[in-house]
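These notes are about the structure you will find just below.
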């Protein structure tokens, strides 16, 4: 199960890709998920008790989201 971890403003964002199911999971926090919403048949978001985004799942990631490569650029304010 290969995954990348990126540090963002003292929080950790994890991006995991599961090649056996072609699924990408983007975790924005480690808060408890209380609700999952289907955005469309291939994208789901998980929310915490405050309605904040916890994670996002993209099924058929290579095909539907055209995810063949991942890059990260952190922008800083000037």
*Filtered residues of segment 19-32 (kept if outside any loop (DSSP other than H, G, I, E, B) and in contact with a helix residue (DSSP H, G or I) (Cβ under 9 Å, 6 or more places away or on another chain))*: 23, 24
_Identity of the residue in segment 48-78, assigned to a helix (DSSP H, G or I) and within 16 Å of residue 16 (Cβ to Cβ), that ends up modelled with the lowest pLDDT_ = 62
*Within segment 33-47, considering residues that are outside any strand (DSSP E or B) and under 15 Å from the mean Cα position of the chain (by Cα), the one modelled with the highest pLDDT*: 33
*Given the conditions (1) part of a loop (DSSP other than H, G, I, E, B); (2) at pLDDT below 90, report the number of the one that residue 16 does not fulfil.*
(1)
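The values are calculated or read from the model by the stated rules, or taken from the named source; none is laboratory data. Note that the structure is a prediction, hence the values are computed from the model and not measured. Using ideal geometry, Cβ is built from the backbone for each residue, glycine included, and neighbour counts are taken over all protein chains shown.
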